[in-house]
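Here's the structure we're looking at; comments come further down.
Every number in this text was worked out from the coordinates using simple rules, so none of it is lab data. Because the structure is predicted, anything quoted here is derived from the model rather than measured. Reconstructed Cβ throughout: ideal geometry from the backbone, glycine too, with neighbour counts over all protein chains shown.
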Amino acid sequence: MGWAIALHGGAGDIPRHLPPERRQPREAALQNCLSMGVAAIKANKSPLDVVELVVRELENVPCFNAGRGSVLTHSGTVEMEACIMDGNTKRCGAVSGLTTVVNPVSLARLVMEKTPHIYLSFQGAEAFAREQGVQTVDTSNFITSENVERLKQAKEANRIQIDYTQPVIMASKGEYEETNPNLDSQIGTVGCVVVDGNGSLATATSTGGLVNKMVGRIGDTPIIGAGTYANRFCAVSATGKGEEIMRATVARDVAALMEFKGMSLEVAADYVIQHCTPKGTAGLVAVSATGEVTMLFNTTGMFRACATEDGYSETGIW
Ligand code: ASP
């Protein structure tokens, strides 16, 4: 038993020849956020505070698909979403359809703490952000030239893209097929899970969704039990093709296998990733109340990092 933390910067078909200029900033950001999270745990911050802190930081890094770096909808707009959940109390908050909020994860926490609800979206969520006085910017600040180019390429190919490209669905048919490897969308959704030395758990996930998604599309990230879930057994943050993750209720199924089948975190997560989601569509990071940590994916890679109280630490992509 001890504290543990894991974070991800998205799963997908990440090319092994990823150029250093694309790889290094993301690895550095993951390392930095991991250190920040570990320091916060050691300073006795609550798991909820730590996941919010880490995900806020990841949202501020433009090379990930969340907050500042969010990918664009079919109409060239941003619609960000995020979710946060406390394992012991099962209190949770979620937001979708944000166009001006700098840190969606913090708005999700405010939904959890300041409203009788769990999930606010679109105009209602934006109005709540104004009421709460969270930092907002003109929506044009989120439209980066890189993401405009990504959208252009996705539209030309009539595709809706997972963050790291290759396995995609044809916009018209809903079928998976190989893509042109030059279609670069190598950025990712972000998430963080934490357990403290007392076994208290929390999770948070934040995303811009999929490149060229329909306006109004909601993915797995803000759906409790799909992309994000925590209870007293484990905390899970998933990434990948949202429609598949929702269908498989990935995060909740990991928790349910532990709770009802008595599986360890590793076995439960492996079962869900290998048997419940199609190959090439999903990844997750998770921690258990007893301090286990796991980072699994059935895609080519997942930007990820973790650390535990007993000194174990790992950072990886493939
Ligand atoms: N799961 C996210 C979505 O479908 C995307 C991702 O994780 O990269 O919106």
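If contacts are Cα pairs under 8 angstrom and at least 6 residues apart, what is the relative contact order of the chain in percent? Write out the running numbers ahead of the final one.
Values: 902 pairs, mean separation 83.6, N = 318.
Value for the chain: 26 percent.
Please arrange Y229, Y119, Y312, Y271 by counting, for each residue, the other beta carbons lying within 10 Å of its beta carbon, fewest first.
With the sparsest Cβ surroundings first, the list reads Y312, Y271, Y119, Y229.
Give the calculated FRET efficiency between A127 and S75 to the nearest 0.05, with a Förster radius of 25 Å applied to their Cβ-Cβ distance.
Plugging the Cβ-Cβ distance into 1/(1 + (r/R0)^6) gives 0.75.
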Task: Set of aspartates and glutamates with alpha-carbon distance to K45 below 14 Å, sequence-local pairs under 8 removed - done: D86, D196
Open item on the list: Output wanted: per-residue J couplings in Hz (rounded whole) for region 43-56, from phi through Karplus 6.51 cos²θ - 1.76 cosθ + 1.60, θ = phi - 60°, x for Gly and Pro.
Closed with: 7, 6, 5, 5, x, 4, 5, 5, 5, 5, 4, 5, 5, 4
Open item on the list: Sort 71-82, 99-110 by the packing proxy (mean of other Cβ within 10 Å over each peptide's residues), most packed first.
Closed with: 99-110, 71-82
TODO: Rank by packing, highest mean first: peptides 254-261, 111-118, 88-95, with packing defined as the count of other Cβ atoms within 10 Å averaged across residues.
DONE: 88-95, 254-261, 111-118
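Cut-off is 10 Å between beta-carbons; in what order do R304, R16, R252, R23 appear when sorted fewest neighbours first? Can you show the working numbers first?
Values: R304 26, R16 8, R252 19, R23 16.
Least crowded to most crowded, the residues run R16, R23, R252, R304.
For a footprinting-style exposure proxy, rank E126, E244 by other Cβ within 10 Å, fewest first. Let's see the in-between values first.
Working: E126 20, E244 23.
So the ranking, lowest neighbour count to highest, is E126, E244.
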Task: Ordering of 147-153, 127-133 by burial proxy (mean other Cβ atoms within 10 Å per residue, highest first) - done: 147-153, 127-133
Task: Charge sum, other residues only, whose C-beta stays under 11 Å from I218's C-beta, Lys/Arg counted +1 and Asp/Glu -1 - done: -2
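Can you pick out the pairs among K42/K279; K42/K241; K155/K279; K213/K261; K42/K261; K155/K241 whose Cα atoms lie more than 27 Å from each other? List each step's numbers first, then the result.
Values: K42/K279 37 Å; K42/K241 34 Å; K155/K279 24 Å; K213/K261 37 Å; K42/K261 33 Å; K155/K241 18 Å.
Table pairs above 27 Å Cα-Cα are K42/K279; K42/K241; K213/K261; K42/K261.
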Task: Label-point gap, in nm, between T89 and E113 - each point 7 angstrom along Cα→Cβ - done: 1.0
Open item on the list: Check which residues have an amide H placed less than 5 Å from R304's amide H, if you skip close sequence neighbours.
Closed with: G9, G316
Task: Mean residue ellipticity (222 nm) of the chain, computed from DSSP H runs ≥ 4 via -39,500 (n - 2.57), nearest 500 - done: -9000 deg cm²/dmol
Open item on the list: Output wanted: per-residue J couplings in Hz (rounded whole) for region 120-132, from phi through Karplus 6.51 cos²θ - 1.76 cosθ + 1.60, θ = phi - 60°, x for Gly and Pro.
Closed with: 10, 9, 6, 4, x, 5, 5, 5, 5, 4, 5, 4, 7
Open item on the list: Apply the Karplus curve 6.51 cos²θ - 1.76 cosθ + 1.60, θ = phi - 60°, to the phi angles in region 208-216 and return the couplings in whole Hz, x for Gly and Pro.
Closed with: x, x, 10, 4, 6, 5, 5, 4, x
- [ ] Under 14 Å Cα to Cα from K152, which aspartates and glutamates show up? Leave out anything in the same chain fewer than 8 places away.
- [x] D184
